[in-house]
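The values are calculated or read from the model by the stated rules, or taken from the named source; none is laboratory data. As the structure is a computational prediction, the values presented were derived from the model and not from experiment. Here Cβ is always computed from backbone atoms with ideal geometry, including for glycine, and neighbour counts include all displayed protein chains. These area figures cover heavy atoms from the full protein model, side chains too; ligands, DNA and RNA do not enter into them. Shrake-Rupley method; radii C 1.70, N 1.55, O 1.52, S 1.80 Å.
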Amino acid sequence: MSTELKLPLEEEQPLVLRTPRESEAGAGEVAAERVHGPRRILVLGATSGIAEACIRLWADRGDALYLVARNADKLAVVAADAKTRGASHVGTAVANLDDTNAHPEVLAHAINSLGGLDVAFLALGVLGDQGDAEKNFGTADQILHTNFVAPVSLLTWLANYTAQRHAGTLAVLSSVAGERGRKSNYVYGSSKAGLTAFVDGLRNRIDRDGVKVMTIKPGPVKTAMTEGMKGSAKFADVEAVAASLVKAIDRGDDVVYVPGIWRVIMAVIRAIPERVFKKMNL
């Protein structure tokens, strides 16, 4: 049995959580074994469209899952489906991840439930209302907090835990919207730009410790969050996006654009001179 640890909220210490097997054999040996067996996967923001599609694939192959989301009813449906599909373990927690003070306890419960951690997939985020954010800082502040501040808090804890074990993958859902500010969504885009920069620096810091840190940059994907948006009928299929992401996480890629064509599209957009770009309606 794993031992549940209560972590202090007032001081950010590494998550020191070990299963009996890890204590006896060492984290590196256990990590090597996990490559060939069910993976222990924590999903933060488990009811987002992309996360749900990934969860289905992980459950189909028998991985162990711990799912965190704020909507209890939606979370229960996702968890039940994962169990039906054959996940080897399904744990859940209803939590508002905007509450950064609660992160240590949520993560401790998750890691103890899984008996360790191989992958943490951070899929929390909101599009927000750009028009309202332009008039009301409170709206902008909420978008920035959910998309940047809360993930930074979670990643700080998870980075220290995985670096201590010299193993694990941190996969973070950012966006191509963070590559250049556009008038149609610059508040959302700036939150994702900040997250991308943070993840880049984190990868530079702990890759040498044996931890894979992955930046995921999807273009527009057909999910409930984008339903009704202009051109949404042409957005990428969420199942295809999830299949690409699961393979990329297994490989331990650094930066992934999904669909891959967005790497080329964004290179072109970044190359447009500012004197031209500022007059474009994007």
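Any residue that is under 16 Å from VAL43 (Cβ atoms) and of a type in the set (A, V, I, L, M) - is there at least one of those in the range 130-143?
Scanning the range 130-143 turns up no residue that is under 16 Å from VAL43 (Cβ atoms) and of a type in the set (A, V, I, L, M).
Is it the case, given these coordinates, that THR156 is out of contact with any helix residue (DSSP H, G or I) (no Cβ under 8 Å at 6 or more places or on another chain), at pLDDT 95 or above, open to solvent by 20 Å² or more (accessible area, probe 1.4 Å) and closer than 20 Å to ASP98 by Cβ?
Here the answer is yes, as THR156 does meet what is asked.
Would you pick out the residues in the range 47-56 that are among the small types (Gly, Ala, Ser), open to solvent by 20 Å² or more (accessible area, probe 1.4 Å) and assigned to a helix (DSSP H, G or I)? Full working, then the answer.
If we filter the range 47-56 for residues that are among the small types (Gly, Ala, Ser), which is where we start, we get 48-49, 51, 53.
Remaining after also requiring open to solvent by 20 Å² or more (accessible area, probe 1.4 Å): 48-49.
Hit for the range 47-56 is GLY49, nothing else.
For the range 57-94, give me each residue that is open to solvent by 60 Å² or more (accessible area, probe 1.4 Å) and either of a type in the set (Asp, Glu) or at positive phi (or both).
ASP60, ASP73
Can you tell me which residue is least open to solvent (accessible area, probe 1.4 Å) among those in the range 235-252 that are free of Cβ contacts under 8 Å to residues at least 60 places away in the same chain and in contact with a Lys or Arg (Cβ under 8 Å, 6 or more places away or on another chain)?
Only one residue tops the list, namely ALA236.
Would you say VAL126 is among the β-branched types (Val, Ile, Thr), within 20 Å of VAL221 (Cβ to Cβ) and in a helix (DSSP H, G or I)?
It is false that VAL126 is among the β-branched types (Val, Ile, Thr), within 20 Å of VAL221 (Cβ to Cβ) and in a helix (DSSP H, G or I).
Take the range 165-206 and flag every residue that is open to solvent by 40 Å² or more (accessible area, probe 1.4 Å), farther than 26 Å from MET280 by Cα, over 16 Å from the mean Cα position of the chain (by Cα) and touching a residue at least 40 places away in the same chain (Cβ under 8 Å).
The answer is HIS166, ARG205.
Quickly run through the range 66-121 and pick out the residues that are in contact (Cβ under 8 Å) with a residue 40 or more places away in the chain, within 16 Å of LEU42 (Cα to Cα) and in a helix (DSSP H, G or I).
HIS103, PRO104, GLU105, LEU107, ALA108, HIS109, ALA110, ILE111, ASN112, SER113, LEU114
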